[in-house]
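Okay, structure first, notes after.
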């Protein structure tokens with residue numbers, strides 16, 4: 001076992017009891033190691049198995065075959081290990097704001113730490129820390145979740161998971177349905193969380209711009225198989241294969257591909273605006 | 001001059017009793033012409049979805065008037081005709097399909113209009129062919145992808161022979177191919193079948209394909225114009241919580257190194273062409 005690995009999957013297989021091999025949401029022998037403190041983006045078409053995969057990380061689903069190791073520990077070793085995994089891996093589902101239910105934002109964020117049976121002082125400290133990490137103003141804590149904007153609600157829901165201080169934070173489509181400003185704030189939140197905690201983050205997204213902006217590594221799932229795994233540059237260099245899987249590359253990458261077709265000698269592996277600026281500067 | 005299909009005349013709307021909440025729509029006036037493709041943008045909570053629901057009488061104005069083909073949406077007796085003309089497709093593909101088989105779902109609307117069975121058959125087949133889902137007519141909806149489900153929802157609107165489709169963030173939950181296929185279908189229906197489209201979206205790139213763009217903020221109209229006009233105002237857009245489309249954003253960032261790059265590049269092709277031209281100019285200088 002490598003000491004710097006936070007999440008490890010060995011030949012992970014999952015099939016729903018009555019679904020065949022080709023049914024959606026299955027996993028077929030996924031092997032993966034995620035380095036501690038890194039951000040892994042998981043991309044794939046609808047039904048490719050992204051959400052199924054992350055639900056294995058805190059034992060919401062049990063593998064049909066294969067092993068899940070969190071911080072080197074097999075999470076299905078015994079009952080205690082399962083409970084431990086639930087606290088070590090914080091899972092934030094799609095549209096988590098629909099799960100806000102308490103009277104105040106503060107109580108909602110405190111729900112997870114309370115279930116961990118932490119002392120009251122520690123709970124209060126964690127709530128404030130989590131609110132700060134997601135960029136929620138302390139003045140919003142006594143308010144009802146219903147009074148928050150769409151982007152604030154989303155970040156309040158993420159704070160509820162962050163307050164459990166998991167080793168691994170999993171975000172399933174955190175920017176879906178947010179306006180451009182809200183997407184920008186979510187990016188800032190993810191960067192701040194990583195900088196200040198050094199924890200591992202797994203990010204599921206259909207937005208190639210999110211992936212280009214945030215990821216250290218990218219895992220591409222296609223019908224339950226790990227089709228690619230590498231740096232964003234390595235993955236986005238395979239545009240034709242991605243498009244055949246129903247995915248895409250960031251708009252900047254497509255524009256640079258068009259430039260190359262026009263005979264302009266720019267590098268192919270450009271996927272953010274900053275890289276584009278540098279590439280064009282190199283031509284002048 | 002094409003006649004307006006939907007007109008908002010000084011429309012305000014409060015969800016709660018007036019005075020207890022800020023209005024979700026305030027003094028909103030605009031028209032959607034017959035056959036137009038209009039994109040409606042705005043930050044979360046700006047009132048876009050409220051405006052969508054005002055379009056076919058799902059909500060009725062607290063003040064002012066919404067008319068569809070001249071019919072006032074606040075009059076109960078007009079609602080049947082208004083909803084026959086204006087159909088809605090919502091964000092979550094799993095919340096708007098009710099039948100166990102695709103073609104039954106598409107038939108649900110015309111069945112409620114008491115259309116004759118052989119005519120329903122014809123309409124359902126035609127609508128499914130129109131959205132490219134005819135081969136899946138006997139499929140179970142839960143086995144479809146998000147993009148396929150949204151196209152079935154659009155077929156359901158077409159089978160009602162609506163003149164207008166209002167799409168309320170219908171691509172927000174889809175993967176890249178699903179988004180592309182839904183946008184492709186909507187554009188084709190507008191250009192080839194003359195279906196009026198009101199597209200509500202958070203994706204600026206989708207709005208560049210519209211004839212006209214409306215931007216809402218705080219319940220009122222903050223900006224409107226052609227995509228080229230609206231997306232030439234980055235500061236005003238950012239003040240409304242929005243952004244430039246990716247190609248325009250790239251051009252804006254590159255202007256520090258390529259000062260001759262023009263503003264108002266909307267598509268990826270235009271952006272690549274403009275960069276290539278600016279580089280040629282730079283090399284010649």
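For the structure I just gave you, tell me whether residue B:208 is within 14 Å of another protein chain (Cβ to nearest Cβ), more than 30 Å from residue A:49 (Cβ to Cβ) and either free of Cβ contacts under 8 Å to residues at least 60 places away in the same chain or touching a strand residue (DSSP E or B) at 6+ places or on another chain (Cβ under 9 Å) (or both).
Criteria met by residue B:208.
Can you work out which of the residues in the range A:30-73 that are outside any strand (DSSP E or B) and within 14 Å of another protein chain (Cβ to nearest Cβ) is nearest to residue A:216 (Cα to Cα)?
Restricting to residues being outside any strand (DSSP E or B) and within 14 Å of another protein chain (Cβ to nearest Cβ), the top hit is A:50.
Just the residues that are surrounded by 14 or more Cβ atoms within 10 Å (Cβ to Cβ), in contact (Cβ under 8 Å) with a residue 24 or more places away in the chain and under 24 Å from residue B:243 (Cβ atoms), please, taken from the range A:184-203.
Within the range A:184-203, A:185, A:186, A:187, A:189, A:190, A:192, A:193, A:194, A:201, A:203 meet the criteria.
Restricting to the range B:51-68, name every residue that is in a loop (DSSP other than H, G, I, E, B) and surrounded by fewer than 18 Cβ atoms within 10 Å (Cβ to Cβ).
The answer is B:58, B:60, B:62.
Give just the number: which of (1) out of contact with any helix residue (DSSP H, G or I) (no Cβ under 6 Å at 6 or more places or on another chain); (2) assigned by TED's automatic domain parsing to the domain that holds residue A:32 does residue A:238 not satisfy?
The one condition residue A:238 does not meet is (2).
I'm checking my understanding of the structure. Among residues of the range B:224-264 that are in a helix (DSSP H, G or I) and away from chain A (no Cβ under 11 Å), which one is nearest to residue B:281 (Cα to Cα)?
Restricting to residues being in a helix (DSSP H, G or I) and away from chain A (no Cβ under 11 Å), the top hit is B:228.
I'd like to know if the range A:94-106 contains one or more residues that are under 18 Å from residue A:225 (Cβ atoms) and outside any helix (DSSP H, G or I).
Scanning the range A:94-106, I find no residue that is under 18 Å from residue A:225 (Cβ atoms) and outside any helix (DSSP H, G or I), so the answer is no.
If a residue must be more than 8 Å from every other protein chain (Cβ to nearest Cβ) and either surrounded by 17 or more Cβ atoms within 10 Å (Cβ to Cβ) or under 22 Å from the mean Cα position of the chain (by Cα) (or both), how many such residues does the range B:265-279 contain?
Qualifying residue count for the region: 6.
Table: residues versus (1) closer than 22 Å to residue A:48 by Cβ; (2) touching a helix residue (DSSP H, G or I) at 6+ places or on another chain (Cβ under 6 Å); (3) within 11 Å of chain A (Cβ to nearest Cβ).
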| position | (1), (2), (3) |
| --- | --- |
| B:155 | no, yes, no |
| B:161 | no, no, no |
| B:171 | yes, yes, yes |
| B:177 | yes, no, yes |
| B:180 | yes, no, yes |
| B:184 | yes, no, no |
| B:188 | no, no, no |
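Pick out the one residue from B:184, B:211 that is at pLDDT 95 or above, farther than 27 Å from residue B:112 by Cβ and surrounded by fewer than 23 Cβ atoms within 10 Å (Cβ to Cβ).
Among B:184, B:211, only B:211 is at pLDDT 95 or above, farther than 27 Å from residue B:112 by Cβ and surrounded by fewer than 23 Cβ atoms within 10 Å (Cβ to Cβ).
Looking at A:249, A:270, A:264, A:235, which is the one that is more than 13 Å from every other protein chain (Cβ to nearest Cβ) and either farther than 19 Å from residue B:266 by Cβ or assigned to a loop (DSSP other than H, G, I, E, B) (or both)?
Only one candidate passes the filter, namely A:235.
Assess whether residue B:209 counts as being part of a loop (DSSP other than H, G, I, E, B) and touching a helix residue (DSSP H, G or I) at 6+ places or on another chain (Cβ under 8 Å).
It is true that residue B:209 is part of a loop (DSSP other than H, G, I, E, B) and touching a helix residue (DSSP H, G or I) at 6+ places or on another chain (Cβ under 8 Å).
For the range A:111-122, how many residues meet the condition of being free of Cβ contacts under 8 Å to residues at least 24 places away in the same chain and either surrounded by 14 or more Cβ atoms within 10 Å (Cβ to Cβ) or under 18 Å from residue A:92 (Cα atoms) (or both)?
Residues in the range A:111-122 being free of Cβ contacts under 8 Å to residues at least 24 places away in the same chain and either surrounded by 14 or more Cβ atoms within 10 Å (Cβ to Cβ) or under 18 Å from residue A:92 (Cα atoms) (or both): 3 in total.
What residue, of A:152, A:102, A:97, is touching a helix residue (DSSP H, G or I) at 6+ places or on another chain (Cβ under 6 Å), in contact (Cβ under 8 Å) with a residue 12 or more places away in the chain and within 14 Å of chain B (Cβ to nearest Cβ)?
Residue meeting the stated conditions: A:97.
Considering every residue within the range B:7-21, establish whether at least one is within 19 Å of the chain's Cα centre (by Cα), part of a strand (DSSP E or B) and in contact (Cβ under 8 Å) with a residue 24 or more places away in the chain.
yes
Checking the conditions here, which among A:198, A:230, A:224 is more than 11 Å from every other protein chain (Cβ to nearest Cβ), modelled with pLDDT of 95 or more and either touching a strand residue (DSSP E or B) at 6+ places or on another chain (Cβ under 7 Å) or closer than 18 Å to residue A:93 by Cβ (or both)?
A:230
The values are calculated or read from the model by the stated rules, or taken from the named source; none is laboratory data. What you are looking at is a predicted structure, and each value in this text was computed from that prediction instead of being measured. Cβ: placed from backbone, ideal geometry, glycine included. Neighbour counts: every protein chain shown.
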